[in-house]
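Step one of this worksheet: look at the structure below.
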Amino acid sequence: MTSRLTIAVAVASALFALPLHAAQPLQAARGTDQVAPRVERAPMPDATIERAPVSFAWALDPDQALSAPAPFTALSRSYWNTVDAASLQRGVELPLTAADAVIQVSPVQGARALDVEQLQVRDPAGVLAVDKVVDAQQLRAAGMGVGAGTAMARTGASAAVGTYRLQAPQAQGRYVVQVLEPNSPISLQLQADRQQVLAGGTVVLSARLQHDGGTTALAAGRSVARALPAGGEALLVAPDGRSWPVPLVAGKDGLSARVTLPADVGQAQGLWELQAFVSAQGVQRDAKVAFAVAQPTARFSGQAEVDAARRQVRLPVQIGAPGRYEARGTLHATGPDGKLHPVAQAHSAAWFDAAGAGELLLAFDTVALPRGYAAPFELRDLQLQDQSRMAPIESRAVAVRF
């Protein structure tokens, strides 16, 4: 009996002697995760950046399920072209697929401002077909931010479908002609497969010219979209104005491109764009989607240190460039139904003066667990942000289980 008691006490002592903190690697990256393979140096932005550390958490309603936002889809019923004075004087052909189309003509820098009386729009029969023409002053009064010399014309509600001709006999210079057909049954659907990507990474672009019945059919739930055979091209545009042509390849359900981002993304802050220009049977459409591109100035590294009792996760960070970095994540706890539910979200940010090893702590212990919720836990939607450069570096759908 004595020996059994001694063994039991020894086992209990050994258990209680185990460290409260357990180290474990982050979960393997999944298809939608963004993980930096390395870190890079980068100059400090010319801006005043907060350096005080901050850490906070707040409770979530476990009955409200969270879901990752779907990639943004642009839907366009418009197109634009740049034309020269000679073309505008002769007449520019504009294919229109519905009544009540809006045609805007804007002079490029150095071009002559157009008088609204000089702007002529003729229908397929050659008849003047302008319901209303307004100038820049009227457009600005209506709240539109247009440049000087801009004019806008609108065809009538009974305007015929077909090829119209836009003319301005007094045109001098170059002009941007934009056509919007809000009632058109033909639209361009454009989507990038991700909203953020690392420098040197890839984005898959999908472009689908479709006959969807128009906005009225969509609002009434009667739309049955069908893809139209089309061709076109795309353009990758950086925030600093650099651009790269992107070929679009035809497939079973439209056009697509696998776009590789340059390793040198520059220092200009802002979103990158993919612009697509698609046409079929004389119908033109263009659209654009925007996404963030980040230089990998830091990354999660090593093993996370988990304190299950206090619901804290320490995350080692490898710093490549001095700056302010932020970690954020969502804690899921096991509920009475035996399933994981979101119960809290935490953020932590700190300034790092030099490249090297760092650490960010996500502390959920300030948030009380809902009644009936306990371990096992999962840390989900873990993100690493470079706040100095406004760049999302890493994201993991599931990071740690404990």
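Given Ala52, Ala36, which one is at pLDDT 95 or above, assigned by TED's automatic domain parsing to the domain that holds His332, touching a Pro at 6+ places or on another chain (Cβ under 7 Å) and part of a loop (DSSP other than H, G, I, E, B)?
Answer to the check: Ala36.
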Seminar exercise, completed: Checked pairs for region 19-37, first surrounded by 11 or more Cβ atoms within 10 Å (Cβ to Cβ), second at pLDDT below 85, C-beta under 9 Å and 6 or more apart or across chains, list as Thr32/Ala68
Seminar exercise, completed: Matching residues in region 272-300 (at pLDDT 95 or above and assigned to a loop (DSSP other than H, G, I, E, B)) number 3
For this session: Give the residues of region 366-401 that are part of a loop (DSSP other than H, G, I, E, B), surrounded by fewer than 20 Cβ atoms within 10 Å (Cβ to Cβ) and in contact with a Pro (Cβ under 7 Å, 6 or more places away or on another chain), sorted by residue number.
Result: Pro370, Gly372, Tyr373
Seminar exercise, completed: By residue number, the members of region 120-157 that are in contact with a Ser or Thr (Cβ under 8 Å, 6 or more places away or on another chain) and surrounded by fewer than 17 Cβ atoms within 10 Å (Cβ to Cβ) are Pro124, Asp131, Gly147
Exercise. In this structure, does Ser187 turn out to be within 26 Å of Ala159 (Cα to Cα), small (Gly, Ala, Ser) and assigned to a strand (DSSP E or B)?
Worked result: yes
Seminar exercise, completed: Picked from region 98-137 (must be in a loop (DSSP other than H, G, I, E, B) and among the charged types (D, E, K, R)), the residue nearest to Ser87 (Cα to Cα) is Arg112
For this session: Look through Gly156, Gly110, Gly200, Gly126 and report the one residue that is in the same structural domain as Gln275 (by TED's automatic domain parsing) and small (Gly, Ala, Ser).
Result: Gly200
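The values are calculated or read from the model by the stated rules, or taken from the named source; none is laboratory data. Predicted, not measured: the structure shown is a model, and the values here were computed from it. Virtual Cβ from ideal backbone geometry, glycine too; neighbours counted across all protein chains shown.
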